1. Which is farthest toward the positive dipole end of segment 55-166 among Leu70, Phe126, Ala116, measuring Cα position about the Cα centre, with Cβ charges +1 (Lys, Arg) and -1 (Asp, Glu)?
2. Please report the carbon-and-sulfur percent of the accessible area for segment 1-102; probe 1.4 Å, protein heavy atoms only, DNA, RNA and ligands left out.
3. Estimate the FRET efficiency between Ile184 and Glu122 by the formula 1/(1 + (r/R0)^6), using the beta-carbon distance for r and 45 Å for R0, to the nearest 0.05.
4. Once you charge only the Cβ atoms, +1 for Lys and Arg and -1 for Asp and Glu, what is the size of the charge dipole of segment 154-193 about its Cα centre, to the nearest 20 debye?
5. Label point 7 Å out from Glu147 along Cα-to-Cβ: which residues of segment 1-37 have amide N under 19 Å?
6. How large is the accessible surface per residue of segment 13-57, computed with a 1.4 Å probe and reported in Å² as a whole number?
7. Given charges of +1 on the Cβ of Lys and Arg and -1 on the Cβ of Asp and Glu, with all other atoms neutral, how large is the dipole of the chain about its Cα centre, in debye to the nearest 20?
8. Compare the Cα positions of Ala186, Gly88, Ala53 along the charge dipole of segment 40-192 (+1 at Cβ of Lys, Arg; -1 at Cβ of Asp, Glu; about the Cα centre) and return the one farthest towards the positive end.
Amino acid sequence: MGDLSSLRVTVAGVGVFGLASALTLARRGALVTVVDPALEGGNASSVAAGMLAPAFEAALDATSRGQFPLLRQARDLWPSFMADIAPGALHRDGAVYRGGREAEQMVFERLLAEGAQAERTEAGVFASEDWRIEPKAVLSAMRQELERRGVAFMPLRAQDAPRGEALVLACGFGARDLAPELSILAPIKGQLLRFEAGPRTGPSLRGPNG
């Protein structure tokens with residue numbers, strides 16, 4: 001991607017995909033406007049676990065099956081992307097799956113079939129190639145860097161946003177009327193338990209129900 005100084009782009013969505021897209025474009029010189037009706041958060045990224053999990057996503061998510069090499073390539077972009085904005089927010093501690101002997105063996109075999117590094121341990125199935133970011137720290141750092149670069153933020157839906165030469169839809173299911181391709185997405189509800197105190201490092205823990 002070369003110089004984009006003559007390009008005006010609207011990015012819809014202040015989650016991790018929207019802000020990462022906006023920052024990449026701004027770094028290349030594009031004139032970027034970010035829109036979202038909830039500029040201060042309330043999106044999936046702000047309450048997510050921050051998993052960069054090519055191994056277990058490929059092994060456990062049917063839609064990601066067979067995509068481990070692509071997911072790993074995407075994960076590998078994060079260190080350089082975050083190097084100058086939030087270097088301490090990336091953890092490379094791996095992940096552990098626990099779910100009983102039969103389930104763990106099935107997951108272990110799936111990981112190996114995907115080409116991921118995996119081992120059976122007393123704690124469960126360990127995958128060293130799954131990483132994690134601190135979501136709030138990364139979102140905040142990207143927002144500050146975008147504001148420093150003069151990127152404008154507007155509390156608008158993608159449907160109401162001013163249009164430049166390009167519109168980046170990073171608002172998921174909510175923009176399906178603008179891009180029929182998004183109809184394949186299905187909104188889901190999850191639950192997140194956040195402890196006031198606890199380890200900030202160490203492997204993520206996964207299981208049959210979470």
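The values are calculated or read from the model by the stated rules, or taken from the named source; none is laboratory data. Predicted, not measured: the structure shown is a model, and the values here were computed from it. Here the Cβ is made from the backbone with ideal geometry for all residues, glycine too, and neighbour counts use every protein chain on show. To get the accessible areas, we keep the full protein, side chains included, count just its heavy atoms, and leave off ligands, DNA and RNA. Shrake-Rupley method; radii C 1.70, N 1.55, O 1.52, S 1.80 Å.
1. Leu70
2. So the carbon and sulfur contribution to the accessible surface is 54 percent.
3. Here the calculated transfer efficiency is 0.65.
4. Approximately 160 debye in magnitude.
5. Answer for segment 1-37: 11-24, 26-27, 32-37.
6. In whole numbers, segment 13-57 has 38 Å² accessible per residue.
7. So the dipole magnitude of the chain works out to roughly 260 debye.
8. Ala186
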